[in-house]
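The values are calculated or read from the model by the stated rules, or taken from the named source; none is laboratory data. Remember, predicted model here, so these are calculated numbers, not experimental data. These accessible areas exclude ligands, DNA and RNA; they are computed on the full protein's heavy atoms, side chains included. Shrake-Rupley method; radii C 1.70, N 1.55, O 1.52, S 1.80 Å.
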Amino acid sequence: MFHAIVFLPLLGSIIAGFFGHAIGKRGAQLITSSFLVISALLSMVAFYNIALGHGVVHVEVLPWIKSGDFELSWAFKVDTLTAVMLVVVTGVSSLVHIYSIGYMSHDPHVQRFMAYLSLFTFAMLMLVTADNFIQMFFGWEGVGLASYLLIGFWYKKPTACAAAIKAFVVNRVGDFGFALGIFAIFMVFGTLEFDAVFARVSEFEGQSFVFLGQEFDIITTICLLLFVGAMGKSAQLGLHTWLPDAMEGPTPVSALIHAATMVTAGVFMVARCSYLFEYSPLALDVVAIVGASTAFFAATIGLTQNDIKRVIAYSTCSQLGYMFFALGVSAYGAGVFHLFTHAFFKALLFLGAGSVIHAMSDEQDMRKMGGVWKMIPQTYVVMLIGTLALTGFPLLSGFFSKDMVIEAAYAAHTEVGQYAFWMGIVAAFFTAFYSWRLVFMTFHGAPRASASVMKHVHESPAVMTVPLFILALGAIFAGGVFAESFIGHHYADFWGSALFLRGDNVLEAAHHVPGWVKALPIVMGALGLLLAWLFYIRHPEIPGQIARSQAPLYNFLLNKWYVDELYDFLFVRPAKWVGYQLWQRGDLGIIDRYGPDGISATVVAAARKLRAVQTGYLYHYAFVMLIGVAGLATWFMVSGS
């Protein structure tokens, strides 16, 4: 069963990629989608058997690496954490595959697109089923490669190519830290298998090493290096710049990358390594601070964005911040629970946005939308459900997970926890405002699109709306159904040995926080809704007035805190200058000049001079022969032989 879950997407990718012309567009769509649906159904069976049945399964696929005394097998470790990720990854991916049948129906390269989607899913499944760090890194790099291919799918579009390169390069920065962390683990523990490493962590507690005359804690160093990798893959503050630009890819790609798969890889990795992080309070504090700062930072940028997909992208960045600061206060169950529920409503919002773009003749600017809710009522309803879930409306999935994250931060009773709590509260207000701003600008008010666009506004076909309805059910019920298992009284039985805690379970304390702590996220959500209604329905002239009166602040947020410009100044331009100098002065000026070009120029010059000797006159050749004879005679006379 587990072999089928992991390898069916790979098989579909191979068939669609290498035999796409033979089977045609429809064949590629049906094969890849069918294989993903089967994988998703089997994942649900695995979730029932493993997570709800409180079991752990190890499956060895084949021997992989053998070098001296080092041996490593390709194997699956399926515990509750893996089972949760299997459901999330295959569930969302299968719906994205089906949705793509309608969304990409007019694209001439459907086979290639479906192959890339399935390849991406296989790489993610490799990551979450890994039982060692090398296999996890294999899947980690696989999703990086596949995301590059998907973001740059429309390769004739310069902005898409630039976004794909940016995503690839920025992730390599994080991956370098991740690789160093893996190297450090092998140097310290002598093995890379999760169970063997985690069993020996306590032996190295408090031990340090000396580097450049300074002492550093071993476990803390390893955890921070691993977290650098998580920051890149999960777009945390500092390594987040690739995420919004990834919107250049087709909308199904945005849903797949930003909802449940690539961006959650970092969250999964930190949760998997809870055995390591629990022995480094400093590393946990760093995770919490970075996560809380990201939640606030990304939410502020979402307030001013006008591209419908970019608003949702910054929302993803912000919600990932919530997940990380939950992990940072040791509320691992809450962090993974928010990952689980977020997958449903964020995939719903992205695919719903794709339905809007499809209806609006590929328009993505919300300033050119409005007044279409009656024309695309099904899309409108599912977008409302996704927005309510995202903003933590009571009894919807986001209410159970996001509120628990905030309450756990408060219940930690640490300075870092208090920082995360208040950043989470402010971000909740901003989230509600920009989410409802998106709904009001997109669906309500007077139509702002051209008459020709409005004339062709239509509801998406069933192949696109049915996945939306399924995701809407998850956005409504996933939180309430699984809250007791993920974060409630069944926590210990549900998670088993998948997550590790050294001290008391902060989630127990989170259930007993003061009433105002529980009420504050709901109040913030309501205030954000009220303010968005006032600005974009009641008095739509207010946002423009504020933008003009507070131009510096507005431009600061609109330009994303100028982080891209800062990186361009600090890293991109110097790197280009160095590259230019190496090219002009090093490559052309030295290597080519004195190497291949210099040698060839010398040969050419010598040939030109020798060519002058070849005059074609007989007496010239006779004269040369005479000189030769004289030279030989002189040689024999001088040498005496």
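Of the listed residues HIS97, HIS58, HIS444, the order by accessible area with a 1.4 Å probe, largest first, is HIS58, HIS444, HIS97. Each residue of region 261-268 was assigned a 3J(HN,Hα) from its phi angle through the Karplus expression (A = 6.51, B = -1.76, C = 1.60, θ = phi - 60°), giving 10, 4, 6, 8, 4, x, 4, 4 Hz with x at Gly and Pro.
One quarter of the convex hull surface built on the alpha carbon atoms of the chain amounts to 43.8 nm², the projected area averaged over directions. Residues whose amide H comes within less than 5 Å of that of PHE76, counting only those at least five positions distant or on another chain, are VAL59, GLU60, VAL61 (H built at 1.01 Å from N in the peptide plane). Put the Cα centre of region 206-274 next to the Cα centre of region 586-633 and the gap is 62 Å.
In order along region 405-421, the phi-based Karplus estimate (6.51 cos²θ - 1.76 cosθ + 1.60, θ = phi - 60°) of 3J(HN,Hα) comes to 4, 5, 5, 5, 4, 5, 5, 5, 6, 10, 4, 5, x, 5, 4, 4, 4 Hz; Gly and Pro are listed as x.
Enclosing the Cα atoms of region 279-321 in their convex hull gives a volume equal to 42 cubic angstrom per residue.
Using the Stokes-Einstein relation with a Kirkwood hydrodynamic radius computed over Cα pairs, the translational diffusion coefficient of region 425-534 at 10 °C and a viscosity of 1.306 mPa s comes to 87 µm²/s.
Got a number for carbon plus sulfur as a percent of region 45-161's accessible area, 1.4 Å probe?
Working: 2590 of 4120 Å².
Exposed carbon and sulfur together represent 63 percent of the surface.
Along its first, second and third principal axes, ordered by size, region 157-303 spans 52, 30, 29 Å in Cα coordinates. The relative contact order of the chain, computed from alpha carbon pairs under 8 Å that lie at least 6 residues apart in sequence, is 12 percent. Listed by chain and number, the lysines whose C-alpha is less than 27 Å from the C-alpha of LYS66, apart from same-chain residues fewer than 8 away, are LYS77. All alpha carbon pair distances within region 1-117 were sorted into 10 Å bins beginning at 0; the resulting P(r) in whole percents reads 14, 36, 28, 18, 4, 0. Amide H contacts under 5 Å for GLY371: PHE443, HIS444, GLY445, restricted to partners 5 or more places along the chain or on a different chain, H placed in the peptide plane at 1.01 Å from N.
Rounded to a whole number of µm²/s, how large is the Stokes-Einstein D of region 55-112 at 20 °C and 1.002 mPa s, given Rh as the Kirkwood radius over C-alpha pairs? Before the final figure, lay out each step's value.
Working: Rh = 14.8 Å.
The calculation lands on 145 µm²/s.
Which value, in Å², gives the accessible area per residue of region 1-121 when a 1.4 Å probe is used on the protein heavy atoms?
41
Both radii are taken from the alpha-carbon atoms of region 121-197; with Rh as the Kirkwood radius, Rg/Rh is 1.10. Note on LYS25: aspartates and glutamates with a C-alpha under 12 Å away, same-chain residues under 8 apart excluded, are ASP107.
Along its principal axes, region 237-276 has C-alpha extents of 38, 22, 8 angstrom, given from the largest down. Pairs LYS166/LYS560; LYS309/LYS368; LYS156/LYS576; LYS166/LYS233; LYS156/LYS560: which are spaced more than 18 Å apart, C-alpha to C-alpha? Where the Cα-Cα span goes over 18 Å, the pairs concerned are LYS156/LYS576; LYS156/LYS560.
Within straight-line reach of LYS518, meaning a Cα separation under 16 Å, sit the following lysines at least 8 residues removed in sequence or on another chain: LYS402.
Phi-derived couplings, Karplus 6.51 cos²θ - 1.76 cosθ + 1.60 at θ = phi - 60°, listed residue by residue for region 209-215: 9, 9, 9, 6, x, 10, 8 Hz, with x used for Gly and Pro. Evaluating kT/(6 pi eta Rh) at 25 °C and 0.890 mPa s, with the Kirkwood radius of region 217-353 over Cα pairs in the Stokes-Einstein relation, gives 168 µm² s⁻¹.
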